[in-house]
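Student: Submitted below is the structure of interest, expressed as structure tokens.
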Amino acid sequence: MDDVWLFGYGSLIWRPDFDYIEKRVAWVDGWSRQFWQGSHDHRGVPDAPGRVVTLVAQPGARCAGMAYRIEYQQARAIFQALDHREKNGYERHETAFQFVGAAPVNGILYVASADNFAWLGPAPVDQMAEQINRSVGPSGPNREYLLRLAQALRELELDDPDVFTLERAVLALPEP
Ligand code: BEZ
């Protein structure tokens, strides 16, 4: 059976806690990365959710991240573990991954859509920054999640103006 590709656009960029055969910078067309998903179980709590990334369908948009090639025999267990880790509203979705200098492949990514129970949706940057700055959950501060994502994107030389704008807004606030 063929290997399976998985696209990481959030914490999977810097913390892929599974075995993979190779990783490659990739992007998905028609998707925009947004801090529009509430986190009740990782970077916030039910009464005070944090904000984490999801992908929002948007014609003409592009989201860059990291694609991982996973051995077919391991894929089932890896997806089961990720389904559990991301049970706060995310679902698997199949789409095409694009690479520089290689043919596109079809692969899997996780999307939390607007109809899930933890969805927060858009808000002004200063409000999102305040929420991210103060939220903490079992996986740690929400602030750390944003700063690590921004740092990982910078190290890969990937641009995402929305993430960097939010990073600047959070860095302008006092650390709680
Ligand atoms: C990711 O980093 O790609 C990811 C984001 C949300 C849920 C699962 C994975």
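The values are calculated or read from the model by the stated rules, or taken from the named source; none is laboratory data. Just so it is clear, the structure is predicted and the values come from calculations on it, not from any experiment. Here the Cβ positions follow ideal geometry from the backbone for every residue, glycine too, while neighbour counts run over all protein chains shown. These area figures cover heavy atoms from the full protein model, side chains too; ligands, DNA and RNA do not enter into them. Shrake-Rupley method; radii C 1.70, N 1.55, O 1.52, S 1.80 Å.
Student: Can you check what the net charge comes to around residue 83, using other residues whose Cβ is under 9 Å from the Cβ of residue 83 (Lys, Arg +1; Asp, Glu -1)?
Tutor: Details: positive: 85, 87, 92; negative: 86, 91.
Surrounding charge for residue 83 is +1.
Student: Tell me the Kirkwood hydrodynamic radius of segment 90-176 in angstroms, computed as one over the mean inverse distance between distinct C-alpha pairs. Working shown, then result.
Tutor: Working: mean 1/r = 0.0659 Å⁻¹.
Hydrodynamic radius (Kirkwood, Cα only) of segment 90-176 equals 15.2 Å.
Student: Show that you can apply the helix-only estimate: for the chain, add -39,500 (n - 2.57) for every DSSP H stretch of four or more residues, divide by all residues, and state [θ] at 222 nm to the nearest 500.
Tutor: Details: 5 runs with 53 residues, N = 176.
That calculation yields -9000 deg cm²/dmol at 222 nm.
Student: Tally up the carbon and sulfur contribution to the accessible surface of the chain as a whole percent, 1.4 Å probe, everything protein left in place. If you can, show how the numbers build up before the last one.
Tutor: Numbers: 4610 of 8980 Å².
Answer for the chain: carbon and sulfur cover 51 percent of the accessible area.
Student: With every protein chain kept in place and ligands, DNA and RNA left out, what is the accessible area per residue of the chain? Probe 1.4 Å, answer in Å². The partial results should precede the final answer.
Tutor: Details: 8980 Å² over 176 residues.
I get 51 Å² per residue for this part.
Student: Okay, moving on. Using a 1.4 angstrom probe on the protein heavy atoms only, could you order 27, 5 from most to least accessible area? The partial results should precede the final answer.
Tutor: On the way: 27 50, 5 25 Å².
Sorted descending by solvent-accessible area, the residues read 27, 5.
Student: Where does the charge balance sit around residue 143 when Lys and Arg score +1, Asp and Glu -1, over other residues with C-beta under 14 Å from its C-beta? Don't jump to the answer; show the numbers that get you there.
Tutor: Details: positive: 43, 51, 134, 148, 168; negative: 130, 144, 167, 175.
Here the count lands on +1.
Student: Turning to a different aspect of this structure: Let me cross-check residue 22: its accessible surface, 1.4 Å probe, with only protein heavy atoms counted, in Å² to the nearest 10?
Tutor: 50
Student: Moving on to the next point. Provide 68, 20 ordered by accessible surface of protein heavy atoms (probe 1.4 Å), highest first. Walk me through the numbers before you get to the answer.
Tutor: Working: 68 0, 20 85 Å².
Correct descending sequence by accessible area is 20, 68.
Student: Under a crude label model (7 Å from the Cα following the beta-carbon direction), how far is residue 47 from residue 164 in nanometres?
Tutor: Reported label-point gap for residue 47 and residue 164 is 3.9 nm.
Student: Please give the contour-minus-distance gain from residue 58 to residue 24: 0.36 nm per residue of separation, less the Cα-Cα distance, rounded to one decimal in nm.
Tutor: Length gained, residue 58 through residue 24: 9.9 nm.
Student: May I pose another question? Please state the equivalent ellipsoid semi-axes for segment 28-176: what are the square roots of 5 times the Cα gyration tensor eigenvalues, largest first, in whole Å? Write out the running numbers ahead of the final one.
Tutor: Values: eigenvalues 132, 72, 41 Å².
The answer is 26, 19, 14 Å, longest axis first.
Student: Give the whole-number value, in cubic angstrom per residue, of the convex hull volume spanned by the C-alpha atoms of segment 1-105.
Tutor: Each residue corresponds to 100 Å³ of Cα convex hull volume.
Student: Still on this structure, please answer the following. Calculate the length of the line joining the C-alpha centroid of segment 1-71 to that of segment 120-151, in whole Å.
Tutor: Each part reduced to its Cα centre gives a spacing of 16 Å.
Student: What residue among 107, 89, 140 shows peak mean-square fluctuation when the chain is described by a Gaussian network model with Cα springs under 10 Å?
Tutor: Highest fluctuation among the options: 140.
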